[in-house]
Amino acid sequence: MRTGGDLLQLVSPEGERISHPEFDIWVKDIGDEQLCSLYEDMTVIRRIDAEATALQRQGELALWPPLLGQEAAQIGSSRSLRDDDFVFPSYRESGVAYVRGAHLSEIARVWRGNASYGWDPLRINLATPQIIIGSQSLHATGYAMGVQLDGANTAVLAYFGDGATSEGDVNEAMVFAASYQAPVVFFCQNNHWAISEPVRIQSHVQLADRPTGFGIPSIRVDGNDVLAVMAATRVALDRARKGGGPTFIEAVTYRMGPHTTADDPTRYRDPIELEDWAAKDPILRLRKLLEAKGLLTDDVEARVKAKADAVAAELRASCIDMPDPQPLDVFNHVYSTPNSWIERQKDHYSRYLNSFNQPVEEGAL
């Protein structure tokens, strides 16, 4: 197990394959077809991100957290998971949601303001997006401890950003995970900015060095290298399933867009820094590798473009055609079982609305 240190890289920014004696074995099954599939995945989620950003600018979404630049980190890690693994995301993992099987309408509806949740977590083993910074790490650790007690051969993965490592929740989660050797992987997407706060101010050491103080081994990986991310995640998940305890992965990447569509990064970010990271673009990097191997044919490019166009069109249609929630829907799913206190509030609110001579029917999301 690698602990902090040098950056793990299997594909250079120039698209050259770099051999690594320790990690090559973990991606030996990734052949030409799989490389093309990873390229398609990253292209599609970038298109989802661009379409959602456009929908927000056009007033169809209230807010959107872009993932531009972080495609390799999300695809490499999520494609390493098994169906029975459970994932706890933050609010930026729309690419992970796509891979896990969330419907495009489910990804969009929270950001349209039509629901307080996205999808059924038990259907795709993916918790709903967590807005509170870092709290999902506690949920993941608790779930992993439950998995451990059940004796299940399942791993748990929690996503968060560099800013979350400054939160008490993340550190408390690591305390419990280390103490109980819970089968959880802490996947930190270090995109260098916690809104407007640069990572160099948050931490004067590499983030991968922090968990070693809790006794948690870590891997520092090039987050724009999809193969390296996949190798690191597979190592960590395998360790968790075999009873080796938690692992911390620092995926060093970059947030190419704003924190959310309500943010203006030009107010605090040097454009030269953006140019430097644009040269390390994760999709461009894999594209160069495919070109060098003679795999990026006209047919492949046409197929990828068609898939991205179709997904973007489906996202737009599902967003615009999304029915508005009914007023009484706010009381749905507050508790998993009937609750007299909630039913009383619901009855009072219903009578209040009916006092305007506009009978209100309970809708379904």
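The values are calculated or read from the model by the stated rules, or taken from the named source; none is laboratory data. Here the structure is a predicted model, which is why all the values come from computation and not from measurement. All Cβ positions, glycine included, derive from the backbone under ideal geometry; neighbour counts span all protein chains shown. Protein only, heavy atoms only, side chains kept; ligands, DNA and RNA dropped before computing areas. Shrake-Rupley method; radii C 1.70, N 1.55, O 1.52, S 1.80 Å.
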May I have the convex hull volume per residue, in Å³, for the Cα set of region 11-321?
128
Given springs between every Cα pair under 10 Å in a Gaussian network model of the chain, which of Asp120, Asp29, Asp225 has the largest fluctuation?
Asp29
Keeping the other protein chains in place, figure out the carbon and sulfur percent of the accessible area of region 11-321, with a 1.4 Å probe.
53
I'd like the distance separating the alpha-carbon centroids of region 143-174 and region 259-294, in whole Å.
29
Going toward the positive end of the dipole of the chain, with +1 on Lys and Arg Cβ and -1 on Asp and Glu Cβ, which of Ala236, Ser203, Gly215 do you reach last?
Gly215
Output the peptides 333-339, 150-156 sorted from most to least packed, where packing is the average of other Cβ atoms within 10 Å over each peptide's residues.
150-156, 333-339
Whole-number D in µm² s⁻¹ for region 279-364, Kirkwood Cα-pair radius fed into Stokes-Einstein, 10 °C, 1.306 mPa s
88
Solvent-accessible area per residue for the chain (1.4 angstrom probe, square angstrom)
45
Positive dipole terminus of the chain, leading residue within Leu63, Ala279, Phe186 (C-beta point charges):
Phe186
Run the simple label-point estimate for Asp321 and Gln34 please: 7 Å along Cα→C-beta, distance reported in nm.
3.7
Straight-distance crosslink candidates among aspartates and glutamates, where the alpha carbon sits under 20 Å from Lys305 and sequence neighbours closer than 8 are dropped
Asp32, Glu33, Glu40, Asp41, Asp49, Glu51, Glu71, Asp281, Glu291, Glu314
Based on the mean of other beta carbon atoms within 10 Å per residue, what is the order of 313-319, 233-239, 298-304, 186-192, most packed first?
186-192, 233-239, 313-319, 298-304
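Let me know the charge dipole size of region 110-186 about its Cα centre in debye, to the nearest 20, where only the beta-carbon of Lys, Arg (+1) and Asp, Glu (-1) is charged.
Details: 2 positive and 6 negative charges, 51 e Å.
Approximately 240 debye in magnitude.
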So who's got an amide H within less than 5 Å of the one on Leu126, skipping anything under 5 residues away but keeping other chains? H placed 1.01 Å off N, in plane.
Val87
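Would you work out the charge dipole size for region 11-321 about its Cα centre, treating the Cβ of every Lys and Arg as +1 and the Cβ of every Asp and Glu as -1, and quote it to the nearest 20 debye? Walk me through the numbers before you get to the answer.
Numbers: 31 positive and 44 negative charges, 60 e Å.
I would put it at about 280 debye.
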